[in-house]
Amino acid sequence: MASGSDPARVLNGVDGLASGVPGVFKASALTERLIRLPEEVAEAFPDLGLTRGRTISCHGGSAVSLGLRLLASACHAGGWCAVVSRTRSINPAAAREAGVALERTLWITADDLGVATALCLDSCAVVLVHGVVALRDARRLQARANNCSSTLILLNSDFAQADIVFETTNERWEGLLGGYGYLMHRDLKLHVRVRHAAPMSPKQLRLHHVSIHT
Amino acid sequence: MYPSTRRCTVLFGASVTLDAAQEVLADVSNLFASGCLSDGMNWISFPVRGPSRRLGGDHKLAASVQRRFKSFGGSVGVGVADTAFAAFMAAHSEVTTVVPAKADKEFLAPVPLRVLSDLLVAPSDLIDTLIHLGYKTLGSLALVDHVLLRDRFGTDGVRMWHLCNGNEISRTEFSEPHEELIREVAFEEPLQLAEQIVFGVRAVVDALVSDLAQNSKLCTQFTLTLKTEHAEECERVWHFASGFTARAMLERARWQLEEWLHATNVTAGVVLARFCVHATRPSNSEQLSLWGDHSGTDVDAMRLVGKLSATFGAEAVCLAQWRGGRDATEVFAMVPALDIELTDVENTARMQKPAHHEGPWSGLLPSPLPAVALTEPERIVLFDVADNAVGVTRRCELTAIPQWVVRADGARQEILTWAGPWPIEERWWDPERASRIVQMQIVITERMNLEQPVLLRLQHGTWLIVASYE
């Protein structure tokens, strides 16, 4: 597969960006209003990217991994990220594998997800929420994200009014051979629904992972 | 009669200016903007619903407000109640008073009736008459039939009766806007489409926001009123504590229009749009970046850490720090962000990376690592085809091939494939800290034939699900 269209490279924002100098991306955060997205889903958008201030909802068997990939894409341009949950659930090592800039990521645990997320949206470029948010709170957070030009990623909240809804199905893992091997990568079907847009046909995707030691 | 909003009133001495008071409230409540009432001299009153929820109750909010005002010196009174009048009276107490919800009437009952004339709510001769008639407290007047009071004393009588009964007599949601904060757009042709109307009001909204900006102010609450040719009306209050930009105001206008035009059977085109700004805040505390966005800088992050730590505790806001080790879920440790200098980018970047000489730990699982680590590992049992429990031998070999797993809730699920077991023996030289565990990866079928890979650990003879690959 050519390097330009390799989903892993695009998803991880490799192309020399992931290991870039933080300061360079901070400067570009001011001008960059468009978040680069995985190539497969980017086709759905007129500008081939996601405008800041949108709310994304992910659900399905690979929602967390996909959410972390999106978080990594969105935080490349600079700015701080926040991961909000009720208990410590998301593994920071997996976030690092997905390409999240951990040096600019705050990990927040709070019983009241709504309040914590609202505070984070005021100051962070991207906020990822792991846990079910009440529909009423989700609507308010969506409006707030829009106002603050921050990107909000909701995992497993089943928030159908989100600007973009990702759903993963048909996950097939490879690597385990009845006693031997390790989990390596998965193939999955990605359903994308953009609000006020025609439905898209599902995309076949393969999620690769990059070791945290490289 | 107006709906009441639970509010907090602060009385302060001459040592505090109104601007300073507003700044303190903005700092403490974070939501100070709407429905703020003040006489401009020695008291200020604001709705508590949002700030109270954030700070963990009315008592904590009142204590926090009182502490901040005390630092200015002089006497301070803080009161919280359901209505503006009761909150005002509560603030006159010597100690901070929080009147429980729906208990305004009981709280006001022992207050002398003379207070009403002192506060210019009612004429003093009327109060004198009532006192002569034997009504010495608000509680005694509350028992009188309000029809009698209305017949004898007119509207003044009814107002007093409502006050004594803990009802709200004035519109407290927001103060009346100044004339220059009201902008109207009258369309020559009635407009049917939301886009047309938004385009029509754009110039006016831009001018309104830039006028406010010239006075270093941001609009935090406005009412948008729309009227059609047939006098149908739609009014809605929009509020945003951080302040609206022109784009955000237009966005709200579009939302309101789309909802109104689609949801109701509007019979004619819109001929009038009116923007009323009810509340503003100083704009210098919220420096926006070049293109109007939040800059999301380190300074913002530090401010956020302060706010979150104050609300949820210092342990609730953390940064990940590299620790290494063989446990896939504990490669990074959590360090409270309050203890870290966030503006030092090099330091925070260094925290995340393994030391130069540190290679991959032997025994650490290769990529991918599990995305979700369970805070409370789930106890499970593995069974083989013949329904015998599966364990490991001394040489760390499985006693049989696992076929089924029985979860903590009793559900029985099939194991599709598996790998392992991999033993990890750590600190065997130290009897107290030594640990000997076995890890395995299995893929189980969840409901609807979903494949769910999980990481298992055998510890003290029990299989545990410690993490899952979601």
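The values are calculated or read from the model by the stated rules, or taken from the named source; none is laboratory data. These numbers come from a predicted model, not from an experiment. With ideal geometry, Cβ positions are generated from the backbone for all residues, glycine too; neighbour counts draw on all protein chains shown.
What to note about this one:
- The single residue among B:V466, B:V438, B:V454 that is more than 11 Å from every other protein chain (Cβ to nearest Cβ) and either touching a residue at least 24 places away in the same chain (Cβ under 8 Å) or crowded, with 21+ Cβ neighbours inside 10 Å (or both) turns out to be B:V438.
Residues are listed down the side, and each one gets a yes or a no for (1) without any contact (Cβ under 8 Å) to a residue 12 or more places away in the chain; (2) touching a Gly at 6+ places or on another chain (Cβ under 9 Å); (3) not basic (K, R):
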{"site": "B:G391", "(1), (2), (3)": "no, yes, yes"}
{"site": "B:R394", "(1), (2), (3)": "yes, no, no"}
{"site": "B:R407", "(1), (2), (3)": "no, no, no"}
{"site": "B:R412", "(1), (2), (3)": "yes, no, no"}
{"site": "B:P421", "(1), (2), (3)": "no, no, yes"}
{"site": "B:E426", "(1), (2), (3)": "no, yes, yes"}
{"site": "B:E432", "(1), (2), (3)": "yes, no, yes"}
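- Pair list, Cβ under 8 Å, 6 or more apart: segment B:300-312 residue under 13 Å from B:I340 (Cα atoms) and in the same structural domain as B:E341 (by TED's automatic domain parsing), other residue hydroxyl-bearing (S, T, Y) and modelled with pLDDT under 80: B:M302/B:T343
- Taking the numbered list (1) in contact (Cβ under 8 Å) with a residue 12 or more places away in the chain; (2) away from chain A (no Cβ under 14 Å); (3) under 32 Å from the mean Cα position of the chain (by Cα); (4) more than 20 Å from A:D122 (Cβ to Cβ) in turn, B:S216 passes all entries but (4).
- Residue list for segment B:50-97, filter: assigned to a loop (DSSP other than H, G, I, E, B), more than 14 Å from every other protein chain (Cβ to nearest Cβ) and under 21 Å from the mean Cα position of the chain (by Cα): B:D82
- Filter result (buried (at least 18 other Cβ atoms within 10 Å of the Cβ), in contact with a helix residue (DSSP H, G or I) (Cβ under 7 Å, 6 or more places away or on another chain) and more than 14 Å from chain A (Cβ to nearest Cβ)) within segment B:187-213: B:L191, B:I197, B:V198, B:V201, B:V205
- Yes/no for B:E106 being surrounded by fewer than 20 Cβ atoms within 10 Å (Cβ to Cβ), in a loop (DSSP other than H, G, I, E, B) and among the charged types (D, E, K, R): no
For every residue, the table says whether it meets (1) at the interface with chain A (Cβ under 10 Å from one of its Cβ atoms); (2) over 15 Å from B:V204 (Cα atoms); (3) without any contact (Cβ under 8 Å) to a residue 60 or more places away in the chain.
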position	(1), (2), (3)
B:F222	no, no, yes
B:T225	no, no, yes
B:H230	no, yes, yes
B:F244	yes, no, yes
B:L257	no, yes, no
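- Residues in segment A:78-105 that are over 29 Å from A:W173 (Cα atoms) and surrounded by fewer than 24 Cβ atoms within 10 Å (Cβ to Cβ): A:G78, A:E103.
- Checked against the criterion of being modelled with pLDDT of 80 or more and either part of a loop (DSSP other than H, G, I, E, B) or at positive phi (or both), segment B:338-359 has no qualifying residue.
- Of the residues examined, A:G53 is one that is within 18 Å of A:D163 (Cα to Cα) and assigned to a loop (DSSP other than H, G, I, E, B).
- Residue in segment A:80-103 that is assigned to a helix (DSSP H, G or I), touching a strand residue (DSSP E or B) at 6+ places or on another chain (Cβ under 8 Å), of a type in the set (D, E, K, R) and more than 9 Å from every other protein chain (Cβ to nearest Cβ) present: no
- Tally, over segment A:181-205, of residues that are more than 14 Å from chain B (Cβ to nearest Cβ) and not in a strand (DSSP E or B): 6
- The lone criterion from (1) at pLDDT below 90; (2) surrounded by fewer than 21 Cβ atoms within 10 Å (Cβ to Cβ); (3) in a loop (DSSP other than H, G, I, E, B) left unmet by B:T375 is number (3).
- Residue match in segment B:226-243 (condition: in the same structural domain as B:H278 (by TED's automatic domain parsing), in a helix (DSSP H, G or I), farther than 16 Å from B:L181 by Cβ and among the polar types (S, T, N, Q)): no
- Index of the failed condition, B:T155 passing every other in (1) modelled with pLDDT of 85 or more; (2) out of contact with any helix residue (DSSP H, G or I) (no Cβ under 6 Å at 6 or more places or on another chain); (3) farther than 30 Å from B:E258 by Cα; (4) not aliphatic (A, V, I, L, M): (1)
- Residue count for segment B:378-403, restricted to those that are in contact with a Phe, Trp or Tyr (Cβ under 7 Å, 6 or more places away or on another chain), under 24 Å from A:M184 (Cα atoms) and part of a strand (DSSP E or B): 1
- Only one entry in A:L207, A:L135, A:L176 is surrounded by fewer than 24 Cβ atoms within 10 Å (Cβ to Cβ) and touching a residue at least 60 places away in the same chain (Cβ under 8 Å), namely A:L207.
- Test: residue in segment A:157-172 that is within 8 Å of chain B (Cβ to nearest Cβ) and in a loop (DSSP other than H, G, I, E, B): no
- Within segment A:104-132, the set of residues being within 7 Å of another protein chain (Cβ to nearest Cβ) and among the charged types (D, E, K, R) comprises just one member, A:D122.
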